[in-house]
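Below is one structure; the comments refer to it alone.
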Amino acid sequence: MKNNRSKYKPYPSYKPTSIEWLGEIPEGWECRKTKFVSDFINGYAFDSELYVESGIPIIRIGDIAEEIDFGNVKRFHNKNLVGLDKFKVLKGDLLLALTGATIGKAFEYKSKELAYLNQRVGILRGKRLYQYFLKYFFYSYTVKETINYLCNGGAQENISKTQIGNIFIPLPPLPEQQTIAAFLDRETAKIDVLVEKEGKMIELLKEKRSALITKAVTKGLDPNVKLKPSGVECPDKKPTHWNVRKLKYSVSSKNIKIKNSNYKVALENIESFSGKFIESEISFEGEGISFDSNSVLYGKLRPYLCKVFLPNKAGICVSELLVLVPDNKISDKKFIFYYMLSYLFTNIISGETFGTKMPRADWRIVGNFKLFLPPLPEQKAIASFLDRETTKIDKLIEKIGHQIELLKEYRQSLITSAVTGKIDVSTMLNTSVREEVPPP
């Protein structure tokens, strides 16, 4: 990705500041503490016992995002909001996470729906600067790094109103603030379109991967293979030389608990639909179910997430994973692994689960699944084929994912360079000021 400064010119002249992280700013700009140019409002500690199913949305720290999912927010009855107008969230407000894993993250409230702000989230409203310039400043690397520093590199779990208020913000004249914000609206929108396009490509490749697996484990690799009725509802046909067998007759379920192991696997360590291992700093404590390199691990909690893992060494896992040991005389562990990754297996098991909010599939459900089992050499050939073909798809997904990361980095760098005056975009477009938030 090109450096922003190679595409955009700097300002004609700069002047020094006493702020180490900022360095120089363009002539005509000034530096002010955030508390002098904006109002900060802490959220209110709403009583969780008064939440209702239908009412006014309460925006909690877990809700703030580019697009808030109002289907999942908590709500309050209007009668319990009397005297709390101070905590209303208005369109264009900048919401700031004040604690937890998302500390310092800022999001624009884009909805016109009336809502109130819960504790641990703050509102920033510009009073002597343009609101959307304020937004982009808090989107910048500069603020992220400053907040990280104020929180002792992440050791501190919260940031205060005072700390936010003391962050210096470089301020161009108001018309230039509006121009910079309009420029960033336009340019970030272009980048977002590209990111969305690349993201859709990844989803298509993932669908292709899953479809490839499902076809291979239910029909094999020979496109001309003879089929006959399978005797099960879906799929209703199978290769003539394949057997239909309940999974419990091809694998056994193991539930031996031990305490000590350096290799631990939890649900969050398994990527959905791919079976890849995801490193995590969080590790479960206490005993777990033992497994070895001949095991297949299957997530029985919310099976629609399709969490299946093929370990390459011994270890222990959480109880929400089934440890399955294939009978090597009749079933290949990789073939079983791929079968359990298939759309077919996922959809059928998900349809048999119990529990509403956190559906589960126990060994009784999983073990009674009827799978199509080819001869062992053919299972191995199918597994080898899928190893090869899914690796090709995974490399494409990884390449596109890297491109997305570069686009996001460029987006962030562009914002930072523009709001700190490292690049001059004041003549890049005719300013189009958003009407939702009037100039101060």
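The values are calculated or read from the model by the stated rules, or taken from the named source; none is laboratory data. Here the structure is a predicted model, which means the values were calculated and not measured. Positions of Cβ are backbone-derived with ideal geometry, glycine not excepted, and every protein chain shown enters the neighbour counts.
Quick look at the numbers
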| item | result |
| --- | --- |
| Residue in segment 190-206 that is under 19 Å from residue 32 (Cα atoms) and either small (Gly, Ala, Ser) or part of a helix (DSSP H, G or I) (or both) present | no |
| Top-ranked residue of segment 182-223 - restricted to ones that are more than 30 Å from residue 419 (Cα to Cα) and among the basic types (Lys, Arg), ranked as surrounded by the fewest Cβ atoms within 10 Å (Cβ to Cβ) | 200 |
| Single match in 336, 349, 382 (criterion: touching a helix residue (DSSP H, G or I) at 6+ places or on another chain (Cβ under 7 Å), more than 21 Å from residue 233 (Cβ to Cβ) and among the aliphatic types (A, V, I, L, M)) | 382 |
| Pair list, Cβ under 8 Å, 6 or more apart: segment 153-167 residue surrounded by 13 or more Cβ atoms within 10 Å (Cβ to Cβ) and outside any helix (DSSP H, G or I), other residue modelled with pLDDT of 85 or more and among the β-branched types (Val, Ile, Thr) | 159/99; 159/103; 159/147; 166/34; 167/34; 167/143; 167/146; 167/147 |
| Whichever residue in segment 278-330 is polar (S, T, N, Q) and in contact with a helix residue (DSSP H, G or I) (Cβ under 7 Å, 6 or more places away or on another chain) and, among such residues, is farthest from residue 373 (Cα to Cα) | 280 |
| Qualifying residue in segment 23-31 (condition: in contact (Cβ under 8 Å) with a residue 24 or more places away in the chain, loosely packed, with under 12 Cβ neighbours inside 10 Å and of a type outside the set (A, V, I, L, M, F, W, C)) | no |
| Residue in segment 218-241 that is more than 18 Å from residue 382 (Cα to Cα), in a helix (DSSP H, G or I) and out of contact with any Gly (no Cβ under 6 Å at 6 or more places or on another chain) present | no |
| Subset tally (residues that are over 25 Å from the mean Cα position of the chain (by Cα) and among the charged types (D, E, K, R)) for segment 114-145 | 3 |
| Members of segment 168-189 found to be over 31 Å from the mean Cα position of the chain (by Cα) and assigned to a helix (DSSP H, G or I), listed by number | 174, 175, 176, 177, 178, 179 |
